[in-house]
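Dropping the structure in here first, questions after.
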């Protein structure tokens, strides 16, 4: 976690009333969004600041987000966003740090099933996400060929992100089934030799969210 602050963003919220103006700043560990539309926001700070940010999310307030490279963007999670709060204990610190994750209605699939967000463009994660989202009759071994199809169809696009390399997949269930049918017919997808349950590996979210440099060190 050396120089972790250099990989984080900064979220600012300003609110003014007739008598007082309030400005709150919290650190952002992870973020996914498209221009001014935020879909995932993970922040931490003291109890009062995180509480105020949480309330502002439900009020559909707008925030100013500063990315690690210094770029700024006005963002909003919009209507239907939900928040989950918790505490993180840090060794050597008496008080816990408050943590909050906010998810947009879009990310939770409540608006449209044609857009799927993935934390990084790894074939296994891309294919697992769309299979479980649509309930597709797919196999884990089809991850790479199906991801290539999505790439060739230009259905995988990067989105704004912090703490990950998020992408958006724009495809419907009918389109995916059609591509699968063509790929099976061309022998690009093969079926198992025997019948049985399809077993998917259980990935660890911490590994997905771990910075690339740390992942490489762990693999070594």
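All of the numbers you see were taken from the coordinates with simple rules; none came from a lab. The structure presented is a predicted model; accordingly, all values stated were derived computationally and were not measured. So basically every Cβ, Gly included, is an ideal-geometry build from the backbone, and we count neighbours across all protein chains shown.
Got a sec? How would 198, 50 order by Cβ neighbour count within 10 Å, fewest to most?
With the sparsest Cβ surroundings first, the list reads 198, 50.
Tilt of helix 173-185 relative to the longest C-alpha principal axis of the chain, in degrees (0 to 90, nearest 10)?
Roughly 30 degrees between the two axes.
For 62, 115, what ranking results if the residue with the fewest other Cβ atoms within 10 Å of its Cβ goes first?
Fewest-to-most Cβ neighbours within 10 Å comes out as 62, 115.
Per 5 Å bin, what is the whole-percent P(r) computed from every C-alpha pair distance within the chain?
Pair shares across the bins are 1, 6, 12, 16, 16, 15, 12, 9, 6, 4, 2, 1, 0, 0, 0.
Further, regarding this structure: With the contact rule set at Cα under 8 Å and sequence spacing of 6 or more, what percent relative contact order holds for the stretch 115-195?
34
Quick check on the chain: helices-only [θ] at 222 nm, where DSSP H runs of length 4 and up contribute -39,500 (n - 2.57) each and the sum goes over total residues. Nearest 500, please.
It comes out at -8000 deg cm²/dmol, rounded to the nearest 500.
If you fit an axis through the alpha-carbon atoms of helix 47-58 and take the longest principal axis of the Cα set of the chain, what angle between them do you get, 0 to 90°, nearest 10?
Around 60 degrees separate the two axes.
Sticking with this structure for a sec: When the label point is put 7 Å from the Cα of residue 170 along its Cα-to-beta-carbon vector, which residues of the stretch 21-58 have a backbone N closer than 16 Å?
Under cut-off, by backbone N: 33-37.
Pop a pseudo-label 7 angstrom from the Cα along the beta-carbon direction at both residue 113 and residue 84 and give the gap in nm to one decimal.
Placing both labels 7 Å along Cα→Cβ, they lie 2.3 nm apart.
So, R0 is 25 Å and r is the distance between the beta-carbons of residue 181 and residue 105; what FRET efficiency does that work out to, to 0.05?
That gives a FRET efficiency of 0.20.
Would you mind calculating the relative contact order of the chain from Cα pairs under 8 angstrom and at least 6 residues apart, reporting the percent as a whole number?
17 percent.
Where does each of 24, 75 land when they are ranked from fewest to most other beta-carbon atoms within 10 angstrom?
24, 75
A follow-up question, please. Can you give the angle from 0 to 90° between the axis of helix 123-134 and the longest principal axis of the chain, with both taken from C-alpha atoms, to the nearest 10?
Roughly 90 degrees, rounded to the nearest 10.
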